[in-house]
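Comments concern the structure below.
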Amino acid sequence: MLKIILRNPQHIVPFNEPARDLRIQNKPLWLLQRDVLAPYTTREIELPPGAPLPQVHEPCIVYRDNLFFDAPYMNAFISEARKRGKAVRAAFNASDPCFREHILPLSLSYTPAGNLYLADLWYYPNGPEPGAEPLVIDLLSREIGYYHIPLYMAPSQGDLVYQVPLRSLMAIDSWVHIFIADEVFGLFGRGARFEERLNRDLWFKLKVLGTALYEGRQLLRSSAVVQIGRNCVIDPDAIIHGPTTIGDNVTIGANAVIENCIIGDNVNISQGCQLMLSVVGDGTFLPFRASLFMTTVMENSLIAQNTCLQMCVVGRNTFIGAGSTWTDFNLLSAPIKARDGTGALRNSNRIVLGGCVGHNCRIGAGMLVYPARTIESDVVIFSTKERRVIDRDLYYEDSDHLRLPNAHLHPRLYPRPGEKGSETW
């Protein structure tokens, strides 16, 4: 089958980079898409924005390159499309709780059509043609609790839940969608699929139990649910609970605790680190007692000791200084707004949400960051007695290094569309 990729020119704030180049579940989005579609496609054509679809007469799948989808969704979509034998377009029902809660807020990429929202994903059995009919695939979402807010702080909230899908499709239009794709649809979804399979497949359950008994380990610490790559050095006092995936050449120190995470290659996690429901990119370094809760850290970043990141997204090649804290909850329980794909502030539909740091940033020690604040790529923030609290979004023009005579030592690598970056050669 032919794969036709439609380029999306929109850059994601604050990274100043298209969604296709950002990491989702520790892979560039374009590579994640390719891997999911590998069982179905043999050729591909990539089209620039506004280019017409090629006139071909063979089965093809067409999608926008800012779409995140997983194998369970794509299996169901292509299977149902082939059964119908006609041109179809992926769609969501407006009443679907998962779509309403996670996918629609802050989005730019869906086309309303009555009670449906159309996504930029098509299947054509005989080449592109007009009039594709909507195809709604059940996301098989279920309610899973993840957070408790004391009633004396927010009497209308209490226990918080996510609508977690077993099949995932969404457009990455905002940094918040990276958080949703990684943590809610990715890690929560993986755990939900594992639990669903245990309940459905007796042989699988017996295999998992048998592996735990053979290894003499508690079930969630056995190799059936904790996958460890090659050449890893893991202290015996580290606690690792699955489902967790650990890449190659990873070092994990004593008393580190890792629960339901994706850890990339060449990662160093030092003593006493706490990682829960987080994605850690290749080459990342976490010194002692760094803590990540439902957080994505892209490749080659450093989160220094005693730093606490909650529900955050951190770009590549970024340093966050020791003792910094990213908060995720308004003390008076006010709604949290976040930046959409255009940079406009809109309701994020999140009761709790951390912040986002772009690529190539340097953040000084001891910072306190308010919920949903963003720091643009290439920003350097010094820790001073005048500034320890970040209560607004920070842009490249706010970067402290621009006031220094040696500002050229920190080049601008990720300018906004239409702006010029630094010459690094």
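The values are calculated or read from the model by the stated rules, or taken from the named source; none is laboratory data. In this text, all values refer to a predicted model and were calculated from it rather than measured experimentally. Methodologically, a virtual Cβ is constructed for each residue, glycine included, from the backbone with ideal geometry; neighbour enumeration extends over all protein chains shown. Keep in mind that these areas ignore ligands, DNA and RNA; they rest on the heavy atoms of the full protein, side chains included. Shrake-Rupley method; radii C 1.70, N 1.55, O 1.52, S 1.80 Å.
Just a few scattered comments:
- The residues 194, 69, 382, sorted by heavy-atom accessible surface at 1.4 Å with ligands and nucleic acids left out, run 382, 194, 69 from largest to smallest.
- Principal axes of region 311-425: Cα extent on each, largest first, Å: 47, 34, 21
- Spatial separation of Cα centroids for region 254-295 and region 399-418, in angstrom: 30 Å
- Span-rule helices in the chain, defined as complete DSSP H runs reaching 24 Å or more along the axis (Cα) with Kyte mean at least 1.0: none
- Volume per residue of the C-alpha convex hull in region 89-233, rounded to whole Å³: 217 Å³
- Test item: Cα-centred dipole of region 53-166, Lys/Arg +1 and Asp/Glu -1 on Cβ, debye: 220 debye
- Pairs of Cα atoms farther than 20 Å apart, region 175-313, %: 44 percent
- Per residue, the accessible area of region 364-425 comes to 59 Å² when a 1.4 Å probe rolls over the protein heavy atoms.
- Principal semi-axes in Å for region 22-178 [√(5λ), Cα gyration tensor, largest first]: 32, 17, 15
- The ellipsoid that matches the Cα gyration tensor of region 70-141 has semi-axes, each √(5λ) in whole angstrom, of 21, 14, 10, with the longest given first.
- Accessible area of region 69-222 belonging to carbon and sulfur atoms, whole % at 1.4 Å probe: 53 percent
- Probe 1.4 Å - accessible area at residue 12, Å² to nearest ten: 0 Å²
- Distance between the C-alpha centres of region 130-145 and region 301-323: 35 Å, rounded to the whole angstrom.
- Accessible-area composition of region 246-340, carbon plus sulfur, in percent [1.4 Å probe]: 53 percent
- Each Lys and Arg Cβ is given +1 and each Asp and Glu Cβ -1; about its Cα centre, the chain then shows a dipole of about 300 debye.
- Solvent exposure of region 152-299 as accessible area per residue, Å², 1.4 Å probe: 41 Å²
- In the context of the full set of protein chains, residues of region 1-110 present 40 Å² of accessible surface per residue (probe radius 1.4 Å, heavy atoms only).
- For the chain, DSSP calls about 35 percent of its internal beta bridges antiparallel.
- Computed from point charges on the beta carbon alone (+1 for Lys and Arg, -1 for Asp and Glu), the dipole magnitude for region 1-79 about its Cα centre is near 40 Debye.
- A convex hull fitted to the Cα coordinates of the chain yields 168 cubic angstrom per residue.
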